[in-house]
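Report on one structure; see the data block that follows.
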There are 2 protein chains.
Amino acid sequence: MAVVSVQQALSGAVAPGSEITVRGWVRTRRDSKAGLSFVNLSDGSCFDPIQVVAPNTLPNYEDEVRHLTSGCAVIATGTLTPSQGQGQAFEVQASRIEVVGWVDDPETYPIQPKPHSLEFLREVAHLRPRTNLFGAITRIRHCLAQAVHRFFHENGFFWINTPIITTSDAEGAGQMFRVSTLDLANLPRDDEGEVDFSRDFFGKEAFLTVSGQLNVEAYCLALSKVYTFGPTFRAENSNTARHLAEFWMIEPEIAFADLNDDANLAEAFLKHLFRTVLDERMDDMKFIVERVEKNAIARLENFLASPFERIDYSEAITLLQKSGKKFEFPVEWGLDLQTEHERWLTEEHVGRPVVVMNYPEQIKAFYMRLNDDGRTVAAMDVLAPGIGEIIGGSQREERLDVLDARMAQFGLDPAQYQWYRDLRRYGTVPHAGFGLGFERLVVYVCGLSNIRDAIPYPRAPGHATF
Amino acid sequence: MAVVSVQQALSGAVAPGSEITVRGWVRTRRDSKAGLSFVNLSDGSCFDPIQVVAPNTLPNYEDEVRHLTSGCAVIATGTLTPSQGQGQAFEVQASRIEVVGWVDDPETYPIQPKPHSLEFLREVAHLRPRTNLFGAITRIRHCLAQAVHRFFHENGFFWINTPIITTSDAEGAGQMFRVSTLDLANLPRDDEGEVDFSRDFFGKEAFLTVSGQLNVEAYCLALSKVYTFGPTFRAENSNTARHLAEFWMIEPEIAFADLNDDANLAEAFLKHLFRTVLDERMDDMKFIVERVEKNAIARLENFLASPFERIDYSEAITLLQKSGKKFEFPVEWGLDLQTEHERWLTEEHVGRPVVVMNYPEQIKAFYMRLNDDGRTVAAMDVLAPGIGEIIGGSQREERLDVLDARMAQFGLDPAQYQWYRDLRRYGTVPHAGFGLGFERLVVYVCGLSNIRDAIPYPRAPGHATF
């Protein structure tokens, strides 16, 4: 008698008529007048629960089965049978039901078999994976993450774990979290009365990384194709539904490559991810369509069917100015594009994903490659209908003299970046990469309106549960 | 004319006689008297470089090709030809060689074509991936990481990203790194003059996680099979070759499972990883055997061929006491096993991997399941020849009353663990899991003696480069 997952039992992987055991948690129980109970059992292996049919001949039918409530843990053994009713293809005709874990006080159990508000569920983050919605989001998130690793692996990239605790700030900006073991009640001081960080754990000030890009460039210039996929941190006090203090970032970096190669990689990568979700998690996506975003599947299918458009930043500015559209923020060469501009470009003007390329140098980071016009850099943003910017990337400045001039312009100390300068002194090559916030991707695929619903444990002021 | 990786060119994936372009960095250059230069080019895609044969008829032969030194970046185009000499099966007969990046001052370039000391290479962490050894370690590390994700995915597990920044300490022990945005020069104080953490970023004290286990248990009790694979942190001032402040941890958790299931999972998991390395990275493993640990391949093969032994802790104590062996640390029921004891058990006594099970409750964590004897818990350590402990795991205490008693015994505040107690109130089931330090795995596979060589960027007091 085989123990199988609900997914295996429902998918036809087990021959009908087999004796099987399934294990999971009760979603609902319904008693018929004919002396049968129908127990829907979920083990999280797929969206659908399996129906377990419990006859009143079971020895614990009256004492236990008829008292099962949502959330109870059960081991059910019986015959896998083609289902007579609507819905599932198979059900289990139970010969034995063992109740492993009851629910204390079912009336107050937070996860009742009905839709809950997302806000309420953030407060019971440890129980929300038991809901249909967060089961689906968790499996979709997993599917996307696997697709990320698989795409890179199959295309010859190597995964690099860049440091989480760092003493440099890749972007030269953004508030960072300090990491320290100093006793705050009794801070060590130097002769000038300043905090003495030489006595901190790493012997100097340390922070949580905001990006692995600079570090991964060193591996790119040795292994040609590399990527990071790890947590990054921003201590911005923007408690909005679009920002997280802690999020996972994906940053591929390719050698002997320019901005066009970078855009090609971004297109192939995103399409691989979306194709994989539609191939592997249609069960969960159908629920997303039903409950969260009716357009969720259609927009991924459209995305897959559309070659990316490419527009120069300068051209985008002209298009926006000529659009006749009233925007809240000004449109002018030299200013960054706002979400309203990005969404007009991708949704209204082009109607499919757009790569905007070659931004003014003064609004972009020091490491982006200066174009021959001297006033733009080889930077790109990938914009998608329904979300706006989803990827930001650039070709990196590989010429030491130009890099040094850019660093001087940004007021950066070359001594702090000696190792980064070394990469330009020793066998430098054109290289490029991009960054993609993993949770933004989950938000897009699942049609979520709050990014805290894209992470396993919501954490933000007012919502940190643990 | 196709651009191909060195791996593709050498592996026979490209038809001999094809015109190809390869791109990479020079390892060595040798000039023959016959007017040819042999340039070994590596792009990191595999262990071996490819030999590019450059005739003196190339227009830049005298001015450039004959000045190529180790580390120069080159794009070479030519005919893929079966190699006449020893070694590689194929070489490139070049019709064009473009030098993309020179090496400033080749005499002082840190990565010369010769073995360097590992200590020296830790000081040039941004350049060490260009060496044979760190190229190999990086690819092996990547291969292991992919195998981790693939094993779990194919066995129905879902990847869960548990919080990195946390306000609880899973093990109730271990020095943690504080995470804060408070201005240390000007700390906010409350009425009693204490540091006012309510004004810190998360409104309370926050730290870097030491384990995702407690959090992932909540997902286990909804999705049945889950795992974490993410960074964890220990602020221990043990600047040894065996410890890292920042390391990646793998923590699977399975529902409806006991300690035996946990041991079975550990065995299947480790064997999958080692089989994958031998299948996919034999090129790098052969170099490891040659240069680092002559036993590296043989011990993985032995590992794969050996069913794990299982020994009760109490039996292990008796065996150690009767061994007649002089140990530095005492052997006594109730004391933890030291590395010398573990290595005697696995290497001398059994000669293959051993799972030691059921440890005294007073030396193990509060969440481990109390056995019926009342004095041991369902904990296990997996010991392997050549390294000692490689995995630690346990069945978790799923009974609320027993958990509460254990927490009281450990002096833990139940209010702080209310969410964790909830998991025992609502559909609790037996569940188990284990933890595996990813870098320890890399150390074992690559036969390294210093764990800082198992991470992309060594970071430890005295060795932090950035």
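The values are calculated or read from the model by the stated rules, or taken from the named source; none is laboratory data. Treat the numbers as computed from the prediction; the structure is a model and nothing was measured. We place every Cβ from the backbone using ideal geometry, glycine too, and count neighbours over all the protein chains shown. What goes into the accessible areas is simple: the full protein's heavy atoms, side chains included, and nothing from ligands, DNA or RNA. Shrake-Rupley method; radii C 1.70, N 1.55, O 1.52, S 1.80 Å.
What the table shows:
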{"quantity": "Distance from the range A:335-367 to the range B:105-139 (C-alpha centre basis), Å", "calculated": "40 Å"}
{"quantity": "Full-stretch length increase - B:Ser449, B:Asn186 - with 0.36 nm per residue and alpha-carbon distance subtracted", "calculated": "90.3 nm"}
{"quantity": "Nearest 10 degrees, 0 to 90: helix B:259-280 Cα axis against chain B principal axis", "calculated": "0 degrees"}
{"quantity": "Gained length - B:Gln409 relative to B:Thr81, 0.36 nm times residue gap less alpha-carbon distance", "calculated": "110.8 nm"}
{"quantity": "Alpha-carbon centroid distance for the pair the range A:383-411 / the range A:1-37, whole angstrom", "calculated": "55 Å"}
{"quantity": "For the range B:82-152: rounded, prolate or oblate by the Cα gyration tensor [a/c cutoff 1.5]", "calculated": "oblate"}
{"quantity": "Other-copy label distances relative to A:Arg66, 7 angstrom Cα-Cβ extension, nm", "calculated": "10.0"}
{"quantity": "7 Å along Cα→Cβ, label-point gaps from A:Gly324 to other copies, nm, shortest first", "calculated": "9.9"}
{"quantity": "Accessible area that becomes buried as A packs against B, both chains, 1.4 Å probe, Å², nearest 100", "calculated": "8900 Å²"}
{"quantity": "Estimated FRET transfer efficiency (A:Ser323, B:Ser198; beta-carbon r; R0 35 Å; 0.05)", "calculated": "0.15"}
{"quantity": "Rounded percent of accessible protein surface that carbon and sulfur make up, chain B, 1.4 Å probe", "calculated": "46 percent"}
{"quantity": "DSSP beta bridge pairing in chain A, given as percent antiparallel to the nearest 5", "calculated": "85 percent"}
{"quantity": "Residue-averaged 222 nm ellipticity for the protein assembly as shown, from DSSP H runs of 4+ at -39500 (n - 2.57), nearest 500", "calculated": "-8500 deg cm²/dmol"}
{"quantity": "Nearest-ten-degree value, helix B:132-154 long axis tilted from longest Cα axis of chain B", "calculated": "50 degrees"}
{"quantity": "Fraction of antiparallel bridges per DSSP, the range A:2-101 only, in percent to nearest 5", "calculated": "85 percent"}
{"quantity": "Euclidean distance between Cα centres, the range A:226-291 to the range B:51-69, Å", "calculated": "43 Å"}
{"quantity": "Cα-projected label distance for B:His116 with A:Asp261, points at 7 Å along beta-carbon direction, nm", "calculated": "2.4 nm"}
{"quantity": "Cα-based shape type of the range B:119-211, given that a ≥ b ≥ c are square roots of the gyration tensor eigenvalues and the cut on a/c is 1.5", "calculated": "oblate"}
{"quantity": "Nearest-0.05 FRET efficiency for A:Ala241 and A:Leu278, computed from C-beta distance (R0 30 Å)", "calculated": "0.70"}
{"quantity": "FRET E, pair B:Glu123, A:Val289, Förster distance 41 Å, beta-carbon r, rounded to 0.05", "calculated": "0.15"}
{"quantity": "C-alpha long axis of helix A:400-409 to longest principal axis of chain A, angle in °", "calculated": "90 degrees"}
{"quantity": "Size of the range A:2-101 as Cα extents on the principal axes (Å, biggest first)", "calculated": "34, 25, 24"}
{"quantity": "Anisotropy class of the range B:296-389 from Cα gyration tensor, a/c 1.5 cut", "calculated": "oblate"}
{"quantity": "Copies compared at B:Asp191 - label distances in nm, ascending, label defined 7 Å from Cα in the Cβ direction", "calculated": "4.3"}
